[in-house]
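In what follows, a single structure is set out as structure tokens and then discussed.
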Amino acid sequence: QVQLVESGGGLVQAGGSLRLSCAASGRTFSSYAMGWFRQAPGKEREFVARISRSCGRSLYADSVKGRFTISRDNAKNTVYLQMNSLKLEDTAVYYCAADAGALVSTLDRVYDYWGQGTQVTVSS
């Protein structure tokens, strides 16, 4: 079992920045691809970003490409989401997730472990 804990959410002005962190328990963090998802009120959970376990290849949703950056520090068992140029539509609960599979996917159903989420609110 892997436990994931997100942190770094909060209230920011449009155009500002936040860095989210996701700390993982255990010794096998490097065995997982890691993803970030978000869910706004009344909407489905949507894919945000993914980073591979082996080569560090990243994948982003079109809505955040060029503004968000996913990274990982395997020595700290932590994955990050740097969010710049935040927009009102970025307001959501953000979740990190771990995927033990070998195939690249943006589907939330392929992820094995999930954090509880952290709230990001962007104001005018």
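The values are calculated or read from the model by the stated rules, or taken from the named source; none is laboratory data. This is a predicted model, so every value here is computed, not measured. Using ideal geometry, Cβ is built from the backbone for each residue, glycine included, and neighbour counts are taken over all protein chains shown. The accessibility values were calculated without ligands, DNA or RNA, using every heavy atom of the protein model including side chains. Shrake-Rupley method; radii C 1.70, N 1.55, O 1.52, S 1.80 Å.
Couple of notes before you dig in:
- Unit charges on C-beta of K, R, D, E only; dipole of the chain, Debye: 260 debye
- Couplings 3J(HN,Hα) for the range 94-106, derived from phi with the Karplus relation 6.51 cos²θ - 1.76 cosθ + 1.60 (θ = phi - 60°), are 9, 10, 9, 8, 10, 10, 7, x, 9, 9, 6, 8, 9 Hz, where x marks Gly and Pro.
- Accessible heavy-atom area order of ARG45, ARG109, highest first, probe of 1.4 Å: ARG109, ARG45
- Packing-based ranking of 102-108, 4-10 yields 4-10, 102-108, ordered from highest to lowest mean Cβ neighbour count within 10 Å.
- Residues in the chain average 53 Å² of solvent-accessible surface per residue, probe 1.4 Å, ligands and nucleic acids excluded.
- Accessible area of the chain belonging to carbon and sulfur atoms, whole % at 1.4 Å probe: 47 percent
- Percent of Cα-Cα distances greater than 21 Å, calculated over the range 1-112: 31 percent
- In this rough spin-label picture, where each label sits 7 Å from Cα along the Cβ direction, the CYS55-GLN82 distance is 2.2 nm.
- Share, in percent, of DSSP beta bridges within the chain that are antiparallel, nearest 5: 90 percent
- Candidate lysines for bridging to LYS87, where Cα separation is under 24 Å - those fewer than 8 sequence places away on the same chain excluded: LYS43, LYS65
- Unit charges at the beta carbon, dipole of the range 1-105: most positive-side option, GLY35, CYS55, LEU11: CYS55
- For ARG53, residues with placed amide H under 5 Å, excluding near neighbours: ALA33
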